[in-house]
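Below is one structure, written out as structure tokens, with a few remarks after it.
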Amino acid sequence: MRMLCLDFFESDWRDFRGRWLRECLREPEWIGQFLDRWNLHVAVPPNEPTLLVLIELRSLMRRVVECLPDKQPADDDLDALNALIEKAPSVSLLTWNGAYHLELKPHRQDWDLVMAKIAISFADLLVNYDLKRLKICENPYCSGIFYDQTKSRTRRWCTNSKCGNLWKLRRFRERHRV
């Protein structure tokens, strides 16, 4: 499942073996690919204050996920998310493409709009999807956030090919140590 907010969580890229951490928000190439993938258009790259707000948004969303599914998030965290959502002013426009369509068009396309769309995507995930399926990878070196789409809801790692294999192999070696 691809969602803007889940893709944004991946901007905090950690080596699944715990060797390095990469802040993708500081890489113009990653930012460009992220914006293109989600059809977001911003004329200028993020400056340092904007980067700090983006990093704080990711931390804020992580704090909310860490409260799931049983605990209530902090009121300050919800207020901060709502403040970001409010920064997405738009206007409704009537268009014609063989039939009438009502479209929401943003007043401006800047980093405030990008952050608002990420926050809206996250709010949509919290409201319309099963919160028990929103999980944190059990690999302590990774701790990536993912949505478990398995029928049994038993997925434990963000990727079975990396984090899952690493921990299965470590458990196997521990059991068979001579």
Quick one, what does Rg over Rh come out to for the chain if you take C-alpha atoms and the Kirkwood Rh?
-> 1.04
Helix-only [θ]222 nm of the chain, DSSP H runs n ≥ 4, -39500 (n - 2.57) each, per residue, nearest 500 = -13500 deg cm²/dmol
Radius 12 Å from Cβ of ARG177, net charge of other residues (Lys, Arg +1; Asp, Glu -1) | +3
If you plug each phi of the range 112-127 into the Karplus form 6.51 cos²θ - 1.76 cosθ + 1.60 with θ = phi - 60°, what whole-Hz ³J(HN,Hα) values come out, in order, with x for Gly and Pro?
-> 4, 5, 4, 5, 5, 5, 5, 5, 5, 4, 5, 4, 4, 4, 5, 7
Amide H of GLU10: which non-local residues (sequence gap of 5 or more, or other chain) have their own amide H closer than 5 Å, using H built in the peptide plane?
-> none
Give the long-range amide H neighbours of ASN139: residues separated by 5 or more places, or on another chain, with amide H under 5 Å away, using H modelled in the peptide plane at 1.01 Å from N.
-> CYS158
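To the nearest 20 debye, what charge dipole does the chain have about its Cα centre, counting +1 at the Cβ of each Lys and Arg and -1 at the Cβ of each Asp and Glu? List each step's numbers first, then the result.
Values: 29 positive and 25 negative charges, 314 e Å.
Computed charge dipole of the chain: roughly 1500 debye.
Taking K and R as +1 and D and E as -1, what net charge do the other residues with C-beta under 14 Å from the C-beta of TRP30 add up to? Before the final figure, lay out each step's value.
On the way: positive: ARG22, ARG26, ARG37, ARG58; negative: ASP7, GLU10, ASP12, GLU23, GLU27, GLU29, ASP36.
Value of the local net charge: -3.
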With θ set to phi - 60° and the Karplus curve 6.51 cos²θ - 1.76 cosθ + 1.60, what are the ³J(HN,Hα) couplings of the range 65-70 in order, to the nearest whole Hz, using x for Gly and Pro?
-> 4, 5, 7, 6, x, 9
Among the aspartates and glutamates, select those whose C-alpha is under 16 Å from the C-alpha of LYS132, and discard any that sit fewer than 8 residues away in the same chain.
-> GLU66, ASP70, ASP124, ASP148
Would you please give the residues with an amide H less than 5 Å from that of LEU134, counting only those at least 5 places away or on a separate chain, with H modeled from the backbone geometry?
-> ASP148
Specify the angular offset, from 0 to 90 degrees and rounded to the nearest 10, of the alpha carbon long axis of helix 165-175 from the longest principal axis of the alpha carbons in the chain.
-> 20
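Taken together, the values in this text are just the output of simple stated rules run on the coordinates, not laboratory data. If you're wondering where the values come from, they're calculated on a predicted model, not measured in any experiment. Counting neighbours? That spans all protein chains shown, and the Cβs are built from the backbone with ideal geometry, glycine included.
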